[in-house]
1. Looking at the range 14-43 only, could you name the residues that are in contact with a helix residue (DSSP H, G or I) (Cβ under 8 Å, 6 or more places away or on another chain) and of a type in the set (Asp, Glu)?
2. Check whether at least one residue in the range 207-216 is at pLDDT 95 or above, closer than 29 Å to Leu84 by Cβ and in a loop (DSSP other than H, G, I, E, B), and report yes or no.
3. Considering only the range 1-73, give the strands (runs of 3 or more DSSP E) lying wholly within it that have at least 1 residues that are more than 29 Å from Asp94 (Cβ to Cβ), among the acidic types (Asp, Glu) and touching a strand residue (DSSP E or B) at 6+ places or on another chain (Cβ under 8 Å).
4. Take the residues in the range 227-262 that are part of a loop (DSSP other than H, G, I, E, B), modelled with pLDDT of 95 or more and among the β-branched types (Val, Ile, Thr); name whichever of them is farthest from His78 (Cα to Cα).
5. Name every residue in the range 71-95 that is of a type in the set (D, E, K, R) and closer than 17 Å to Ile53 by Cα, in order of residue number.
6. Could you list, in sequence order, all residues of the range 79-116 that are in a strand (DSSP E or B) and within 10 Å of the chain's Cα centre (by Cα)?
7. Look at the range 181-206 and say how many of its residues are in contact with a Ser or Thr (Cβ under 7 Å, 6 or more places away or on another chain) and part of a strand (DSSP E or B).
8. Determine the pairs where a residue that is farther than 21 Å from Met174 by Cβ, located within the range 1-28, has a partner that is of a type in the set (A, V, I, L, M) and loosely packed, with under 15 Cβ neighbours inside 10 Å with Cβ atoms under 8 Å apart, the partner being 6 or more residues away or on another chain.
Amino acid sequence: MFPSCHPLLEQHHSPINLDHHMTRNESLEALHLEGFDEIQTGHWTLHNDGHSIVLQVGNGMSVSGGGLPDVYHTIQLHFHWGGLATNGSEHTVDRRRYPMEMHIVNMKSIHPNLTAALDDPTGLAVLGFFIDVVYSDNIHFGHISQKLSSVAYKGQTTKVKPFPMMSLLPKHNMSQYYRYYGSLTTPPCSQVVVWTVYEVPIYISWSQLAQFTSQIFSTEEDAEQVTPLQNNFRHIHPTFRRIVSVSKDAKLLTGTAGRPFRSAASLHLLLIILLGSFISGL
């Protein structure tokens, strides 16, 4: 349905795998996140579009600096996740996936609408955040997770009281990120995105993760067969000759096979397996 989503040789598609083939760029410092510490006026809208959960944030926030070519107005954020037993981040780190990934989508300020931005090679700036899992709830993430039951089915919408966006983010590690030029990961897959993927993840609880993997549906409420919305991530694409930059404060990935990356979710599964083996041996 979307020919532009079929990657050809040397096209710059997303997501990609982040590994040791990266270049340090000392000029990449923390982005300026205007309005992210403030509570915006009006209301925000949470929506199930059948492919993701999208939070439309209205006006009042923008991103700039950090090597971005312009000022970008924040328009929405959305999520990608896996299934009941699979991780679902879009980008990978040394070929390993995190449980989820959050994207904050920002549009270049000179454009009147998204259609115009999709004709600009740097029309969008997307901030990507890995999401990992711990045992306690993230109270700030609760602004979103507590509203998910109201948008369980495709087409459902609910209002969300604005909250400081920075409360969701790893605010002490915002100068640690990876930068490359790529595409939207959903149709029409336009190659117009300046990607900023942050090194340090957001942490949520197991129960908050389960709300996405088991309580969100890609079908309407009155559908004959209700289908869970799972594994809504795009496959990894080659970087070809693209430069993937590491910010001034982020760590260079070594690609050392002897020290594999494990998310909290995979460590939890490993612990269960080891505990089971220990009990069976008693």
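1. Asp37, the sole residue that qualifies.
2. So far as the range 207-216 goes, yes, one or more of its residues are at pLDDT 95 or above, closer than 29 Å to Leu84 by Cβ and in a loop (DSSP other than H, G, I, E, B).
3. Correct list: 32-34.
4. Ranking the candidates gives Ile243 first.
5. Matches in the range 71-95: Glu90 only.
6. Of everything in the range 79-116, those that are in a strand (DSSP E or B) and within 10 Å of the chain's Cα centre (by Cα) turn out to be Phe79, His80, Trp81, Met100, Glu101, Met102, His103, Ile104, Val105.
7. The number of residues fulfilling the criteria is 5.
8. From the range 1-28, the pairs are His20/Leu252.
The values are calculated or read from the model by the stated rules, or taken from the named source; none is laboratory data. Computed from a predicted structure; not experimentally measured. For neighbour counting, all protein chains shown are included, and Cβ atoms are generated from backbone atoms with ideal geometry for every residue, glycine included.
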